[in-house]
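Structure record follows, encoded as structure tokens.
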Amino acid sequence: MAQPGRPVYSSQNGAGQAQQQPYSNGPVQSPLMNSPHLSDGQGYNSLVPGMYSQQVATKNPLHTSSGLSNYGVSQNVPQFSNYQGPGQTLNRPPVGSASLATAQQGPVAQMPPPLQNSVVVSSSAGTFHSGVNLPAHSNWQYGHAPLNQPTMGSQANHFAHGAATRPLLSSTVNTNASTNYNYVSSAGGPPVQNSYTKPGFVPLPGSQLTYSPVRPPIGTAPIGSQASIWPLAPPAAPPASITSQALQNSSTTQEGDVASTASDGLLVQNNYDTIEGGGFLASAHTASAPQNPKTNRHVGSAYPTLPLGYQNASPSGGPRMQYPGGPQQFPQPCLGTNPLAASMGGLSLQPEGLRPINLLQERNILPATPLQPPIPNLHEDIQKLNCNPELFRCTLTNIPQTQALLNKAKLPLGLMLHPFKDLSQLPVVTSSTIVRCRSCRTYINPFVSFLDQRRWKCNLCYRVNDVPEEFMYNPVTRVYGEPHKRPEVQNATIEFMAPSEYMLRPPQPPVYLFVFDVSHNAIETGYLNTVCKTVLDNLDLVPGNTRTKIGFITFDSTIHFYSLQEGLSQPQMLIVSDIEDVFIPMPENLLVNLNESKELIQDLLRTLPQMFTNSLETQSALGPALQAAFKLMSPTGGRISVFQTQLPTLGVGALKSREEPNQKASAKDIHLTPSTDFYKKLALDCSGQQVAVDLFLLSGQYSDLASLGCISRYSAGSVYYYQSYHQQHNPLLVEKLQKELKRYLTRKIGFEAVMRIRCTKGLSIHTFHGNFFVRSTDLLSLPNVNPDAGYAVQMSVEESLTDMQVVCFQSALLYTSSKGERRIRVHTLCLPVVSQLSDVYLGADVQAITGLLANMAVDRSVSASLSDARDALVNAIVDSLSAYRSSVLTIQQPGLMAPISLRLFPLYVLALLKQKAFQTGTNIRSDDRIFTMCQVKNQPLVYLMLMMHPNLYRIDNLTDERALNINDRTIPQPPILQLSAEKLNRDGAYLMDAGSVMFLWVGKNCGQNFINNVLGVPHYASIPHNLAQLPELDTAESSRVLAFISWLREQRPFFPILYILRDESPWKPSFLQNMIEDRTESALSYYEFLLHIQQQVNK
């Protein structure tokens, strides 16, 4: 679809190439991972522990041009549509930003804590169910040739990102190299906890451990064979070259960053890139590094031949402890395809998921219950340990062996993540030792292989690692010698309490700053009453501890600060009228401790709405107000919540309207790119100082959300949009703002976070989607992380996976909790590898495919045009169904044939084309379109699918059949209906759940029972036109309907407004617009769309 000469953009939220001035406060975006610069990308000057720098960023220009639309570095992007074969790349030139680099001082050298045998497993809130077998959907990728990276030899998992090639590092330094300790048990008695001796100690006679692991082996055991017993072959000591390197005063860590060394020779990391552990790009293996040969990736029932470095090796200084008969093998299940399914491969039976269906003939293909993701074809013992698809989901649950096979399938390969989701069951591990691969830094997980009691093999890079002594003790069972039963190896989702090595500075306090628009237009809407009251009511529920700080700024044509110093009788307002050179009038009393100054804060919230009631100031200096907020927050980091009601008109960041009122948007008039780069530059400043900005836009007029939204996108914030908000004229939005603001204020929050996604060697990640800034190639900077944010990544198969049975993906989120704890949340997903094209289609996850396509389409709309994005979405269906027809179907049949796994693909894409983000020819306001695009990029998949394809239920005949029983409540479960007016009966009442809005349509001939017992009115004609709330009646019918709607609302973080419609209702057009299968003025019906697809496939 790319046109010659047309710039093409990707979604990477990175900075452009280093052609311009370095930006002083931006995060590090070094073109080389082994840069010699000391930089943590944070802007902290941590010379003294516990002291926060008061340094405020200088304002060097990011670049010389204004830059209308910069979304990242120049990089290779997979073709989105019109597949033309491998090797095609779309190179996007940088517009609007430069490579951000800053040289800053490293943190104070910190000693790691002493080893302790204390591991605490606790549970925190959420909804994780470890054993749920939910199906998963397919991923896709078009003709994406391996990116231009140098050959990395046996290096694990290369992340391809950016056009710059990266040199192969000569060696890998093991930053976690530590002394091996031998356990000594008391003679003739039980194991003695916390008893260690260094190598060289000869155990007492008879001090042996009987080792009886119960976990099944990883690999397929021969039928009837017995477990093979292998003599212990202990790991060799680290090679001398590596050891000597690690003891130098300045060493290059696995990420290529420079690390200082403490006086005792221990490495002290200098930036988040290092403390989280390197990405695979810089984790090249040395020749002497012990690792398994490539041919031994399949681990069978007997242990593979020990690699060089492990054969006949004994630790220096003395013998190891011997086990009776040697270490027994671990009975781990096969980490491959389900043996039952594999054994059926030779039969002529065709899997149900591959049964071809003719979409033109089978019209009722929408399932009556919510579509579940496909279940990966893994051994059941492995699958029950797999990550919950609500948290981690791949577009293809059968990973193709090669990029050529992926290209042939014409499906996108990518991941959909919801990493910080609220969970009801979350194992939390407290330990001084977090076990990670010494090469690729993968966290130990359920899919590693234990070669014996003392060694485990990484499931991403296949390096063999030692099991640390502390890890031998299981805190749950209180048994020594069962590392395979520890919580880290039994849970695909787990959270670690991070030790001090994972901190660049003392954990920051929770800091919240509210910035309110108080111009005449803002006061007229009445929003300040609602917001101040909601904040006042929830002050005690805001996440935090005794260190929590809070502050307030208001602005119109000037900026108003509020001193809340303890001891004042009332808040003191300080006005700064110089908006050209903003300064902080009183830095020490503007952010105050919430507990110590609570009374003053409450007084301010009560009086703020009345302070500006007579204001006639119509100007808005949003840009200077944000600059002031940044200066106030930069010493500590935190969250800025901005409430804006109009187009900014004064000072830096002032905008002009690009949309005529009531003008119908033509394709040429759609403004999707920012008109200034001020908000992106400021967002990158904020990201560098661990500040996120959330934007609440409450406007009835054009406010250029395309420009304003950058402040949230690049600082990992969120955008909330309440079109035409007014306290009296639009009471439904008042309730929505109240409910959503309460959720926003009280939900869990993580500060100063970074996230990295790792994958098995041979796969590479090349594009990220979501709100963040990309630091150092594959590290996502998230100044704030919240449980309602989703992310997506695109991937490619860089090396052949032919000698692998499975591949794994792992996301690691390092963050500071509101209680001041440094934590790491890890999710690991395991999927089988397949060599047949039919198997790739069999494992297609159609919802994940659609979600990833939606993210890609937003980027295509911004970088190229809306029509290009729409064409690309249609071509995605045409290409995949054409490939299925030509390569998988053995008998050519007339009609539009599709495998069952992709039967909903055309329907979902048609629904996407009818969304506000991608509609054409209708009167869609620019801000509405941009906000929908923001939702696509930032919402988890489950909410994105509901927004794209609403659920329709008939609710006038609800029964308790198949109902759910939750907390003594009975929740009816009516079947989901197709989105077509054909399904509507004038005798019934129907509820449409479209995510952020619900419609209850009542037919003209609806039964009197429903009208009386649910709506509480005598007859149809008496239903009010503006009815938006169902009365609570003492009837069984009312209870069922209310319980069902309440249950639906509880499933999401936002509050959907309920509109109750009659035939003459003004909201009826919006209701019918969501009837995806029907024809509209600008879009085809579902059947017409299928005919169009068939025509393209048959070409």
Cα centre as origin, Lys/Arg/Asp/Glu Cβ charges: the stretch 500-651 dipole, Debye: 360
The stretch 474-538: proportion of alpha-carbon pairs further apart than 18 angstrom, %: 68
By average C-beta atoms within 10 angstrom, highest first, the peptides 604-613, 650-659, 623-632: 623-632, 650-659, 604-613
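Report, to the nearest whole %, how much of the accessible area of the stretch 417-575 belongs to carbon and sulfur atoms, 1.4 Å probe, protein only.
Solvent-exposed carbon and sulfur of the stretch 417-575 make up 48 percent of the total.
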Size descriptor, Kirkwood hydrodynamic radius, that averages inverse alpha-carbon separations across the stretch 922-1047, Å: 16.2
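Could you work out the local net charge near MET897, counting Lys and Arg as +1, Asp and Glu as -1, over the other residues with Cβ closer than 13 Å to its Cβ?
That sum, taken over residues with Cβ under 13 Å, equals +2.
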Relative packing of peptides 959-971, 493-505, 1059-1071, 737-749 - highest average C-beta neighbours within 10 Å first: 493-505, 737-749, 1059-1071, 959-971
Cα centroid of the stretch 422-472 to Cα centroid of the stretch 985-1004, whole Å: 51
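Going by average Cβ neighbours within 10 Å, how do the peptides 438-445, 872-879 rank, with the highest at the top?
So the order, starting with the most tightly packed, is 438-445, 872-879.
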Cα-Cα pairs of the stretch 1000-1099 separated by more than 18 Å (percent): 61
Separation of alpha-carbon centers, the stretch 401-416 and the stretch 749-791, rounded to whole Å: 22
J(HN,Hα) series, the stretch 743-754, from Karplus relation 6.51 cos²θ - 1.76 cosθ + 1.60, nearest Hz, glycine and proline x: 4, 4, 6, 9, 6, 4, 9, x, 10, 5, 9, 9
For the stretch 565-611, diffusion coefficient by Stokes-Einstein and Kirkwood Rh (Cα), 4 °C, 1.567 mPa s, µm²/s: 107
Kirkwood Rh and Cα Rg combined as Rg over Rh, evaluated for the stretch 850-927: 1.06
Gyration tensor verdict on the stretch 711-823 (Cα atoms; rounded if a/c is under 1.5, prolate if a/b is larger than b/c, oblate otherwise): prolate
Counted charge near VAL576, where neighbours are those whose Cβ lies closer than 13 Å (Asp, Glu -1; Lys, Arg +1): -3
Amide hydrogen neighbours beyond the local backbone of MET998, cut-off 5 Å, H modeled: ILE1057, LEU1058, TYR1059
For GLY790, distant residues with modelled amide H under 5 Å away: GLN939
The stretch 1073-1099 and the stretch 911-980: distance between their alpha carbon centers, rounded to Å: 20
Debye-sum result for the stretch 452-560 in log10 I(q)/I(0), which assumes one identical scatterer on each alpha carbon, at q = 0.21 Å⁻¹: -1.19
Amide hydrogen neighbours beyond the local backbone of GLY638, cut-off 5 Å, H modeled: VAL691, ALA692
Debye-sum result for the stretch 582-663 in log10 I(q)/I(0), which assumes one identical scatterer on each alpha carbon, at q = 0.11, 0.13 Å⁻¹: -0.44, -0.60
Estimated Rh, the stretch 605-748: Kirkwood, alpha-carbon pairs, angstrom: 16.5
For the stretch 528-634, fraction of C-alpha pairs farther apart than 18 Å, in %: 51
Subset of LYS384/LYS748; LYS549/LYS631; LYS819/LYS937; LYS410/LYS761 violating a 18 Å alpha-carbon distance limit: LYS384/LYS748; LYS819/LYS937; LYS410/LYS761
log10 of Debye I(q)/I(0), alpha-carbon scatterers only, for the stretch 588-631 at 0.15, 0.24, 0.26 Å⁻¹: -0.61, -1.00, -0.99
For the stretch 1041-1050, 3J(HN,Hα) per residue [Karplus equation, 6.51 cos²θ - 1.76 cosθ + 1.60, θ = phi - 60°, Hz, x = Gly/Pro]: 5, 5, 5, 5, 5, 4, 5, 4, 5, 5
Whole-number D in µm²/s for the stretch 911-957 (Stokes-Einstein; Kirkwood sum over Cα pairs; 4 °C, 1.567 mPa s): 109
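Two decimals, Cα atoms only, Kirkwood Rh: what is Rg/Rh over the stretch 1019-1059?
Values: Rg = 12.0 Å, Rh = 11.8 Å.
Computed over Cα atoms, the ratio is 1.02.
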Positive-end residue of GLY638, PRO587, ALA625, charge dipole of the stretch 568-646 with Cβ unit charges: GLY638
Phi to ³J(HN,Hα) by Karplus 6.51 cos²θ - 1.76 cosθ + 1.60 over the stretch 674-688, Hz, x for Gly, Pro: x, 8, 8, 9, 4, 6, 5, 4, 5, 5, 5, 4, 4, 4, x
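The values are calculated or read from the model by the stated rules, or taken from the named source; none is laboratory data. Remember, predicted model here, so these are calculated numbers, not experimental data. Counting neighbours? That spans all protein chains shown, and the Cβs are built from the backbone with ideal geometry, glycine included. For the accessible areas, the whole protein counts, side chains as well, though only heavy atoms, and no ligand, DNA or RNA atoms are used. Shrake-Rupley method; radii C 1.70, N 1.55, O 1.52, S 1.80 Å.
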